[in-house]
Amino acid sequence: MATNNNAAAERVRYKECRRNHAAHLGRHAIDGCSEFSKSGNDGTPEALLCAACGCHRNFHRKEEQPLSRRQELRLYLFRHLSAAAAAGPPPPPRPPPPGALDHARPNDVRSQRFGEGEIEDGTET
């Protein structure tokens, strides 16, 4: 499975160079470079320079390829599952504070054991 960075790099292309080489003269002149090509390996500063014109990648027109519905779903699941894995397992539930469950008990246990007409706590019913 491709990593998120590789997936993003595959759907972005850099087209023609738009650097104005005559800006200091008050004119407009571009060099005619038609597409960005890296001059170095990924992760190096040279990877951001065009081998054809020597300009930085930011001078080239950025064109993003739209994702298919399937690619969008895979990217969403990748991000969601990665975030869940990074968060780790949920913490264990906290125990209730002392005395919190005293009022939540069903009827007194003694009244459930004795039937009608029997002696309970020394008194007859």
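Laboratory data are not the source of any read-out in this text; all were calculated from the coordinates shown. Everything quoted here is computed from the prediction, not taken from an experiment. With ideal geometry, Cβ positions are generated from the backbone for all residues, glycine too; neighbour counts draw on all protein chains shown.
Assorted remarks:
- Among residues of the stretch 50-86, those that are surrounded by 10 or more Cβ atoms within 10 Å (Cβ to Cβ) and under 16 Å from Val12 (Cα atoms), counted: 14
- The set of residues in the stretch 9-33 that are of a type outside the set (Asp, Glu) and surrounded by 12 or more Cβ atoms within 10 Å (Cβ to Cβ) comprises Ala9, Arg11, Arg13, Tyr14, Lys15, Cys17, Arg18, Arg19, Asn20, His21, Ile30, Cys33.
- Close pairs (9 angstrom Cβ cut-off, 6 or more residues apart or separate chains): without any contact (Cβ under 8 Å) to a residue 24 or more places away in the chain in the stretch 48-64, part of a helix (DSSP H, G or I) and surrounded by 14 or more Cβ atoms within 10 Å (Cβ to Cβ) anywhere: Leu48/Arg57; Leu49/Arg57; His56/Leu48; Asn58/Leu48
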